[in-house]
Amino acid sequence: MLWWLRNTLNRRRGCRLMRLFAAIVPPEQVLEDLEEHLAPRVEASDGIRWTDPSQWHVTLAFCPAAPDRLLDDLTERLTHAGHRTKPFTLALLGAGTFPNPYAARTLWAGIADAGGALSPLSASVRGAFNKSGATPDGTRFHPHVTLGRFRRPTEATRWIRAFSAYESPEWRVGAIHLIESHLGEGRRRRPRYEIVAEIPLA
């Protein structure tokens, strides 16, 4: 309700609110490897609303209501943040759940970040969001790829065990993406993602 009110007020002022997030998008090879591992488990479960593999990503910062007039400044600040970060290597590793394995609502794949580059990059990206006025949500950074959401709180230890030995091919991160999420416009009323900018690392 509050988001709707803000959007209405901003439209009257001649601007639109955007659901924006900055993310790392794994390459096709990694997405296909994860999808292959997940496929037999998807077929065996009807208690999870699975995310679309084309939308798998690692969120660095998320702003649920950014006025579109801030977009140019935000992109410029993200570009500076990208230039201060060297390319680095990641892999998907294991799985976990939010908020906990015994009343799980979200199933996710974990991230192997041997060089420890993700947390500093997320902090830099969140700083760019804040300085532009596109205040990010207050969620603590926990790098992951969301695989699905349980239809009700679920004891999910078997799902975590199913990924205990999983590790994807490594990939080299050379860019971050600024993405707008359009609620309800994708397949099966999922969000539709639109890449607003691709920002190279140093």
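The numbers here are math on the coordinates, done by the rules we state, and not lab data. Note that the structure is predicted; figures quoted are calculated from it, not measured. All Cβ positions, even for glycine, are placed from backbone atoms using ideal geometry, and neighbour counts span all protein chains on display.
From its DSSP helices (H runs of at least four residues, each -39,500 (n - 2.57)), the chain gives a residue-normalised ellipticity at 222 nm of -9500 deg cm²/dmol.
For His57, the amide hydrogen comes within under 5 Å of the amide hydrogens of Thr146, counting only partners 5 or more places away or on other chains and with H modelled in the peptide plane. Placing unit charges on the Cβ atoms only, positive for Lys and Arg and negative for Asp and Glu, gives the chain a dipole magnitude near 1080 debye about its Cα centre.
Report note on the peptides 103-112, 17-26: ranked by the mean count of other C-beta atoms within 10 Å, highest first, their order is 17-26, 103-112. In order along the range 93-110, the phi-based Karplus estimate (6.51 cos²θ - 1.76 cosθ + 1.60, θ = phi - 60°) of 3J(HN,Hα) comes to 8, x, 7, x, 9, 10, x, 7, x, 9, 9, 6, 10, 10, 9, 9, 8, x Hz; Gly and Pro are listed as x. Between the amide H of Thr85 and those of Ala202, distances stay under 5 Å, these residues lying 5 or more places away or on another chain, with hydrogens modeled in the peptide plane. Charge dipole of the range 122-188 (Cα centre as origin; +1 on each Lys and Arg Cβ, -1 on each Asp and Glu Cβ, all else neutral): 260 debye, rounded to the nearest 20.
Couplings for the range 179-187, taken from phi via the Karplus curve 6.51 cos²θ - 1.76 cosθ + 1.60 with θ = phi - 60°, read 10, 9, 9, 9, 5, x, 9, x, 4 Hz in order; Gly and Pro are left as x. Hey, with R₀ at 35 Å, roughly what FRET efficiency would Ala39 and Glu198 work out to, going by the Cβ-Cβ distance, to 0.05? With a Förster radius of 35 Å, E is 0.75.
Throw me the Rg/Rh for the range 92-202, computed over C-alpha atoms with Kirkwood Rh, two decimals. Provide the component values of the computation, followed by the final result.
Values: Rg = 16.0 Å, Rh = 16.2 Å.
Dividing the radius of gyration by the Kirkwood radius yields 0.99.
Relative to the dominant Cα principal axis of the chain, helix 2-12 is inclined by about 30°. Each of His144, Ala156, Leu71 was placed along the dipole of the chain (beta-carbon charges, centred on the mean Cα), and the one lying farthest toward the positive end is Leu71.
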